[in-house]
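Working notes for the structure below.
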Amino acid sequence: MKTNSPYKLLAISCLLLLPCFSFAQDIPAIKKVFRDFQAGYSKRDTTMTESFGNHLFARDIFVLGTGSEEWVSGINAAKSLIKNDWAYWLNLSVDTTKLNLQKAGNVYLFAMAGTAYLQFPNKEIAYGYGMGQINNTLKKETDNRLKLLALAQESSNLINEIEKGGLDVRYQIRLTGTIILQNGHWVFQQLVYSFPYPMQRETAAVK
């Protein structure tokens, strides 16, 4: 029986290890994508959403937010959603040290946890923020019945959150999706924000 030569075995071993080398080489650049994503949400500069999207989003990106109408496709719609987030939504802190990545062909699937939070110095400011949220919701509704339903629901939630939960508002959140290589740069192609069910407030401090 003829045995394989050491050179042939070495060549086969190298081929088997290629995916591992590729994965290891990609990780630093992919982690930078998440660091840049976090930097944008930390600064919340709505004048920078255009450059933020151009830098981190694929042209055909799909984003699924936590709102019932936050289901958007395309880079321009995604930029608008991010701008709305930075203007009206909670602060977002993602844990980039616990990034779960899986490679499928030329696509990386990711999952990571984070915290969506707000901290108010007093109730007056908290209620002022809440009224802004309610007014923003009402502007989106065209039907008067839906406006009243939204007003009742949002008002009830607001009072419960502030009076019973306090001024330090934070929730667990998860980000999942896909990252692809586009024009030599890693970018988000799918991005999904989701709250675990049932949605519960956290008490841990943001680091």
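The values are calculated or read from the model by the stated rules, or taken from the named source; none is laboratory data. Quick caveat, the model's predicted, so the values are computed rather than measured. Because the Cβ atoms are built from the backbone with ideal geometry, glycine has one as well, and the counts that use them run over all protein chains shown.
Residue count for the stretch 103-133 satisfying the condition of being touching a residue at least 40 places away in the same chain (Cβ under 8 Å), under 15 Å from Ile30 (Cα atoms) and in a strand (DSSP E or B): 7.
Suppose we keep only residues that are over 24 Å from the mean Cα position of the chain (by Cα) and of a type in the set (Asp, Glu) within the stretch 134-190. Which one would you say is modelled with the lowest pLDDT? If you could, list the steps in order and put the result at the bottom.
Of the stretch 134-190, the ones over 24 Å from the mean Cα position of the chain (by Cα) are 135, 138-139, 141-153, 155-156, 159-160, 162-166.
Next, only the ones that are of a type in the set (Asp, Glu) stay: 141, 143, 163.
Values: Glu141: 77, Asp143: 85, Glu163: 82.
Among those that are over 24 Å from the mean Cα position of the chain (by Cα) and of a type in the set (Asp, Glu), it is Glu141.
Checked across the stretch 36-45, the condition of being within 15 Å of Tyr108 (Cβ to Cβ), under 27 Å from the mean Cα position of the chain (by Cα) and modelled with pLDDT of 95 or more holds for at least one residue.
Filtering Leu101, Leu56, Leu90, Leu81 for residues that are modelled with pLDDT under 90 and of a type outside the set (Asp, Glu) leaves a single hit, Leu90. Of the residues examined, Ile162 is one that is touching a helix residue (DSSP H, G or I) at 6+ places or on another chain (Cβ under 9 Å), in a helix (DSSP H, G or I), of a type outside the set (Gly, Ala, Ser) and closer than 18 Å to Trp89 by Cβ.
Residue check: is Arg59 free of Cβ contacts under 8 Å to residues at least 60 places away in the same chain and among the basic types (Lys, Arg)?
Working: free of Cβ contacts under 8 Å to residues at least 60 places away in the same chain: no; among the basic types (Lys, Arg): yes.
So Arg59 fails the test.
If you go through the stretch 68-90 and pick out every residue that is under 13 Å from the mean Cα position of the chain (by Cα) and assigned to a loop (DSSP other than H, G, I, E, B), you end up with 3.
Out of curiosity, is Leu191 assigned by TED's automatic domain parsing to the domain that holds Leu64 and surrounded by 12 or more Cβ atoms within 10 Å (Cβ to Cβ)? So Leu191 fits the description; yes.
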